[in-house]
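Any read-out appearing in this document is the output of simple, stated calculations on the displayed coordinates, not a laboratory observation. Computed from a prediction, not measured in an experiment: that's the story for all the values here. FYI the Cβ positions are ideal-geometry reconstructions off the backbone, even for glycines, and counts take in every protein chain you see.
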Amino acid sequence: MPYRPASTIHFRSLNASSPAQSQSSYVVFFVTGNPGLIEYYRTFLSHLYALLCASSSHSFRNVKYQVFGRSLSGFELDVESSHDGCGLPHGLQKQIDITERELEKLIATETVTGGKPSRIILIGHSVGAYVLLEIIRRHRERLLNNQNADVMDRMGIVGGICLFPTVTHIAKSRSGRKFSFFLRFSSSVVIIAFIARFLTFWVPSGLLQAVLRVFMGFPTDAAVTTAAFIKSRWGIAQALHMARDEMATIRSDMWDAEIWGTANESPFPHPRPKLRFLFGQNDHWVADETRDDLIRTRASVRDYDEKTGSDIEKTEQWKPIMEVDEEEGWPHGFCIKHSVPVATRVKLYVEDIVKSDLDRGL
């Protein structure tokens, strides 16, 4: 039987499900980009988990972490998670619904009576950042309306980290313009998926992996995952259908001050989640002008501290912290070759969110 990448990745210590009363438990829940195969992120997630567990800071000695990620629906390739294609392919809103439901199931499973409820930190890559913001918006609305109070109390979302996020005007990016042209008709998805499947059906998986390694420069793990994705029954059609939906859906900034922050206190019973954004320089999926517009209107204003040689927050500290990678040159698809350095950066973001949450003392 050919290798099938896993559809879920879950890192936790053996006693993570029963934290002591003195410990704070955080679940880092990862949402993939498109194609939504979690195996692309195994190195990233494993390194992030190792870094968080190895943290020697005194402030985090009583903190326990779990790191969880799952493939988006329709991209599952392992036998246990495969389905007969009923309802496929899924659009963006359906993916949000399913991801939210899976998050609720995970937290319900991990919650132990008498222990501290787990706090949630969401991480989203590319379109996963859009999914992340929508989950937070829905969560805040349900808190305000007191819907599913028991579930909402367990789901304490304290932060979100958006990596190379495609959250506004994706169709204006370089790749977005190309995809918008080729996928402007719904029939395009069927035709392109059929051609791709026909051309690769006769190619052995091992040969396809070799081609990806030699001509695309993919590491072995990424080549294996990509080959399995290409040769899967629904993968290409699901990716194209979702991409077409992204072009039509991800347009203007659609979130209000309850997501982006305001100087006024939130009417919700829980503080607003703290948001961090990491953009790439010259990202082919994020147009520079839309990125800069978002930073100008939604990010906290930062200044340069000559004494410490670092950036400091100056005003509007309630807003998200957004930064552009101008030194490392990390690409949009960082999970292929740059998982370790990005995980190192994200570890700092996670600890910043945890520190803020612990300082609140809630």
In nm, what is the difference between 0.36 nm times the number of residues separating Glu328 and Thr344 and their Cα-Cα distance?
4.5 nm
Stretched out fully, how many nm does the piece from Thr220 to Val203 gain, at 0.36 nm a residue minus the Cα gap?
4.4 nm
So for the pair Arg61, Thr262, with labels modelled 7 Å out along Cα→Cβ, what separation do we get in nm?
4.2
If R0 = 51 Å, then Phe194 and Glu289, at their Cβ-Cβ distance, give a FRET efficiency to the nearest 0.05 of 0.90
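For the residues Cys53, Cys335, what sequence is obtained by ranking on other C-beta atoms within 10 Å, fewest first?
Values: Cys53 15, Cys335 28.
Neighbour counts put them in this order, fewest first: Cys53, Cys335.
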Once amide H atoms are built 1.01 Å from N in the peptide plane, which residues 5 or more positions from Leu275, or in another chain, come under 5 Å H to H?
Gly160, Ile321
Under 11 Å from the Cβ of Asp357, count the other residues' Cβ atoms, weight Lys and Arg +1, Asp and Glu -1, and hand me the total.
+1
Förster radius 22 Å - calculated FRET efficiency between Ala248 and Phe182, Cβ distance, rounded to 0.05
0.95
Mean Cβ neighbour count within 10 Å, used as a protection proxy, ranking 195-206, 24-35, 60-71, 318-329 highest first:
24-35, 60-71, 318-329, 195-206
Segment 168-215: C-alpha pair distances exceeding 18 Å, %:
53
